[in-house]
Each structure stands twice: as structure tokens, then as C-alpha cells.
Amino acid sequence: MDHRELVGLLAWRDFRVRYAQTFVGVTWAFFNPLVNLLILSFVFNRVAGVGTQGTPPLLYAAAGILGWTFFAEAASRAGESLMGNQNMVRKIYFPRLALPASAVVASLPDLVVSLLLVLLMLLIQTWWAPSQLYGLIFLFPLLILTAFTAGTWISALTIRFRDFRFVVPVLLRLGLFAVPIAYPLSQIPAQWQGIYCLNPLVGLIEGFKWSLLGLPAPSPVVWLGLPVLITLFITGLYLFHRVERYAADHL
Amino acid sequence: MSNLAIKIESLGKRYQRGSASNDDGSFRHWLSKLFRTRPGKKDTFWALKELQLDVPAGEILGMVGRNGSGKSTLLKILSGITPPTTGRAILNGRVASLLEVGTGFHHELSGRENIYLNGAILGMRRAEINACFDEIVDFSGVGEFIDTKVKHYSSGMYVRLAFSVAAHLRTDILLIDEVLAVGDAEFQKRSLGKMNEVVRDSGRTIVFVSHDLPVIRQLCTTAIGLDSGKLFTSGSPEKVIGNYHDSLLLPGSSKIQWRGQLANKVAALTVNINGQALSDVPAIPASQTLKIECRITHEVNLAGKLHIAVYRQGTRLFTIQDRKIFSPLVSGDISLFKIAAHRLRPGNYQLAFGGITEFDQGRWFYAEDVGSFTVTADWKDDNDRINFGWINAS
């Protein structure tokens, strides 16, 4: 049985419902990241005076925050998806993985719109079209996979341990500073870079900045995140599968 | 038997009791459980135990049982929502379930959008939904409101649409919990007709839970009765319903749910109609008189009155007292209530039994569904003119 239709319809439902009532709703979706962008840029580039590899600070942070915003939104929505649909989970059988998957898919339109906004900024600021945009072809799937992986982990853990849902926002807020959005990877002391790059998001964010801003390729150490991502993806699916069987009893 | 639709083998489901209060699902609770050296005595109960059942394809299986007897748990296991603790259930074919009306419906979406969404959740492809879309809409009678958000629907429209989607799905097995009770009589009738048609025309199998025993009798080809998670009777609907009634009325049973301050004082009663147990009296001809005997089995050191009440489809029709003044309730005393059956319209009636003590004490007990009976239709127009619904209790 093909479940793509189910994922698609659920995603479409989430998207419709989210933006059905309000035009303001659409604006809100970009308000939060915009504030984050201004804060990060201010703290790191203005106050701390961290260099931005020769690009305008605001643009630098915008390229960095693009992937992070999608990740944070999609992962937290996916993480809440089973709790949020517990009526359905308790009363209908369907593949539960469709819920986090559709939550990630439903966040894609936001990603596309923010990408267009960043490209617009690029055009206005610099008048050049970045030649490494092709990198997005690899970066987007990896970003989506990362968000989905986090979503399976969070939703599985949330079902098992209710209090986990209070941990997630804290982690995401920490993550905003722990990934190199408004500062380059080179700010991290060389001996710590290996550990730092175990976070798959570090490589992704660096990759986005490389692709969108036409920067030199990031240090190869960022590839360390890839095996970590794959491991987390597989273990996340396994964990989710273990938990989903009893989801209706735990909810 | 190759064409079994459902095969259930020593199925059991164990739940943690009081999990709501004790295990709040928090990490702390899990940790404390992990580090407890000797696990405390686990407070568990079996919602289903050692269930064994074969359902051939093309049957309409009715399931009866009191609240908490495991009916819903069984449906949940069959539909795959929750796994069994022991044993297994094998279902041959695609399964759709309607355990609650309108789950998977979203208020902000229109009827049309919800049909597609709900269909997909139940496992149908878009093309399949397209093929029977018009039928679904027709049957639901939602008509022009199909593009209106369902939050503006009446609850009746909501139920009709939800049932319509599930009933038109091309699945082999359809599991239906007591959901039809929500619709109006006309729709209930059509739904039952639809279920019949579905089974007859496409050989699908339906598992159907209802407290509405006449419906089970009328619709189902076979039936089972559950009690405390165990199968206690199976076979023809007639037989199962009979056994179910008996089980409700077993002397000394706590199965009747007594309410009131005196509830524990009246642990049992016997009800019989014309000297026979209720289950042996499937129908009472209107020409007969109904004699209902109620016996108190525990002594209550109070003066009081006993009464029965007759219900029809959840509506209390009348109440009859057994005495005019309060007098001591003594164990073994029998109260006899007589009703001329022709004063009741043909149909099904439910009995309730209760008692009150003198008003300054204000104590009472009451139980619904202590029995039921059917009045058959040898009933004359004359009765309408002669009787104005007076009932003489004696």
C-alpha cells in the first residue's frame, strides 16, 4: 500500500488549517525567524564583532538561518504530531509514521518562501547570482531528512515520556546559538571542531552559506555529521516503530 | 476453512490499572521504576483473555456485552490500533473501522475535503474515492453542503457523512462500534439497510457492536457475547441475546449497576415475566397480561416502596409502585407488577427497578436495564379507543 497520498493529504490539511483563517498567519511564520535573524546578527556581528567571511552580516545570517528555521519548525511540528492527533491515533489505524512525515512536508512551503526571500535579499544587496546554487539540490534533501529524523525521535520520546515535550523548546533555543548561523565554523577552536561537527546541522548550515553566498567550501570536517545523521535516522525509525505499536495505549 | 475473514487465537490484552493516576508517563516515573530493586506488585487487569473466535467471510457479527466487557478493546485490536498482549488476530483482507464518529475529520475543512482525507486515512486511494464519491455524498444526504466546512454541520450530518465514507470504502472487513446511535431513526434504518446490502452484494464481513439488541437480532447473522474480557456465548443472535439477558439477571450477580445509597443493600433481584425468565420470553402477545415479579434478596431495615419503570428507547414511559404506604422492606418479599400488554404499543421495552425509603430518610436505589421485553403486534385498533393509557398497578 502506497502511503504517499496519505502523507500528502495530511500535510495539505495541516497547511490549509494553519493558513486557512488568517493572512496574518502567513506573516507570523516569517516574523519569528526575522526576529531571530536580527538578534543573532546583532549579538554576533555587531556586539561580538565576529567576522562574516566578507559578506554583509545580515545576509550572512539570513543564509545561515534559512535551514535552521525549517529544521526547528518541522522537527517540533513532527514531534508534536502524534500528541496533536491523538484522537486519530486512538481510534483509527493508519501508519503512524505518516504523521511526522506529513508535518515535515507541511513545513516545506515556508522553506520555499524563505528561500525566495533570501534570494531576493541577495539580489538587492549584491547583484550577483551565486554560482554554487546547485548545491541546494543536495542540501535540501539532507535538511529534510535531518528534520524528519529529529521528528521521529522527538515524537517517539514524547509519547513515552510526556515531559519530553517541555525539553524540546529549550533544546531548539539552545540550538539557535549552537549551530553556526551568524558566525563561521572557523570561530570554533580547531581542536573542538571535530566534536562540534558531529551535529549534522553544522555541516548543513555551513553548506547553505557556501551555496547561497558563494563562499569557499567549508572544511571537510563537516562531513562528520553525515554518518551521525544516518545512524540517528535508522535508530529513530526503529525507536518510532517500537513506540508506535503502543502509541494508542500510552496516549 | 479457507474463507475465514477473521481468525482469533487465544487473544489477550492486559492493561495497567490506574495508569492515569500512577504512571503519568513522565521520565521521572520511568526512572523510579528502573531503579526500584524489587518491582512492586503490578496492578494489572486483562481487558480480554483467551479469546478464540473464527468469523467466516460474509457474516455480520454482532457483539454484545456490558460496558467494560472488552468489546471496544477487541475492536481496537482487530483494527490494529493496539497490539494484543497474547495470541493473535488474523484478518484476511483490507480493514476499515468506524470506532468513533468523525475521527479524522477536521473542522476547518469542507465535507468534500474531509471525504478525501478520511478515505486516505482509512487506506483508500484517490481514484477509489473518486469512483464512489457521488454515492458517498448521496447516501449521506449532505447534498449542497458538501463544500461547507464541517464545523458548520449539524451533528446528524456529521455522523451521516462519516458513516457514509466508511460504508462505501472497498474494504473486506468493516468494524463498527456503537456509532449509529447518534443518527436519527430514519438514518439508522438506512444505515442498517446499507450494511445488509454491503454484505449481500460484495461478501464483505462486518463486526458490529451495539447495545440495541433488537438491531443485533435483526441485522446480524451471528453473534458473540463478551463478559469481563471472556467469550461467554456465541452462535445465533437469538441465543446470544438470550444468554446475555440471563447473565444480566443471574441471582446474586453484581452485573446490574445499582445506584443510590441503598445500592449495596439490594444486591440482587429476580425478574420474571409470567413466571418465566426474561430470556425465555422473546415476545409477549398483546392479549396477555404481563406479570413482573421483583424480589428483594437482602433485608433492609427501613420502610419503603418498590417500583418498576418501563422505558422505550431510553425514554421513561411510566413508573409503577408496589404499595401505597411505606412499609418495611423484607428479604424474600415479592412485589408483583401487572401490566396488560395491549396497553403498550408493539415494540421493545426496557425495565428498571428501584426503591425509596420514607422521605425524611430520603434513601433510594435504582438500576436501569434489569430486563427487557417485547410486545408483539396482535393489537387491535379498538385498543386505541378503549384505552387511554391507564395502567392499574396492583
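The values are calculated or read from the model by the stated rules, or taken from the named source; none is laboratory data. These numbers were taken from a predicted model, which means no experiment stands behind them. Cβ sites come from the backbone with ideal geometry, for glycine too, and all protein chains shown count toward neighbours. Surface areas here come from the heavy atoms of the whole protein model, side chains and all, with no ligands, DNA or RNA. Shrake-Rupley method; radii C 1.70, N 1.55, O 1.52, S 1.80 Å.
How far, in nm, would the chain grow between B:Thr315 and B:Asn3 when pulled straight, counting 0.36 nm per residue and subtracting the alpha carbon separation?
108.0 nm
Under 18 Å from a point placed 7 Å out from the Cα of A:His3 along the Cα-to-Cβ direction: which residues of segment B:92-127 have their backbone N that close?
B:94-97, B:104, B:117-126
Holding the Cα-Cα limit at 23 Å, pick out from A:Lys91/B:Lys151; B:Lys305/B:Lys338; B:Lys189/B:Lys291 the pairs that are longer than that.
Where the Cα-Cα span goes over 23 Å, the pairs concerned are B:Lys189/B:Lys291.
What is the percent carbon and sulfur in the accessible area of segment A:187-235, measuring with a 1.4 Å probe over the protein chains and ignoring ligands?
Answer for segment A:187-235 is 78 percent, counting heavy atoms of protein chains only.
Quick one: which of B:59-66, B:108-115, A:147-154 comes out on top by average Cβ neighbours within 10 Å, and what's the full order, highest first?
Result, highest mean Cβ count within 10 Å first: A:147-154, B:59-66, B:108-115.
Taking beta carbons within 10 Å but only from partner chains, what does the mean come to for residues A:155-161?
Mean partner shielding for this stretch: 2.
Under a plain spin-label model, where a point goes 7 Å from the Cα along Cα-to-Cβ, how far apart in nm are B:Thr222 and B:Gln52?
Placing both labels 7 Å along Cα→Cβ, they lie 1.5 nm apart.
For A:Ile124 and B:His211, FRET efficiency with R0 = 60 Å and r from the beta-carbon atoms, rounded to 0.05?
0.30
Could you rank A:His3, B:His168, B:His152 by how accessible they are, 1.4 Å probe, largest area first?
Final ranking, largest accessible area leading: B:His152, A:His3, B:His168.
Counting only other chains, and only Cβ atoms inside 10 Å, what mean value do you get across the residues of B:114-125?
Taking the mean over all residues of the peptide, I get 5.
At the nearest 100 Å², what buried accessible area, both sides summed, do you get for B and A when the probe is 1.4 Å?
Summed over both sides, the interface buries about 2700 Å².
How many nm separate the modelled label positions at B:Ser327 and B:Asp138, each set 7 Å beyond the Cα in the direction of the Cβ?
Distance between the two pseudo-spin positions: 6.6 nm.
Give me the accessible area of A:Tyr246, 1.4 Å probe, in Å² rounded to the nearest 10.
Here the accessible area works out near 90 Å².
Please report Rg (one decimal) and Dmax (integer) in Å for the Cα set of segment A:3-250.
When restricted to Cα atoms, segment A:3-250 yields Rg and Dmax of 18.5, 57 Å.
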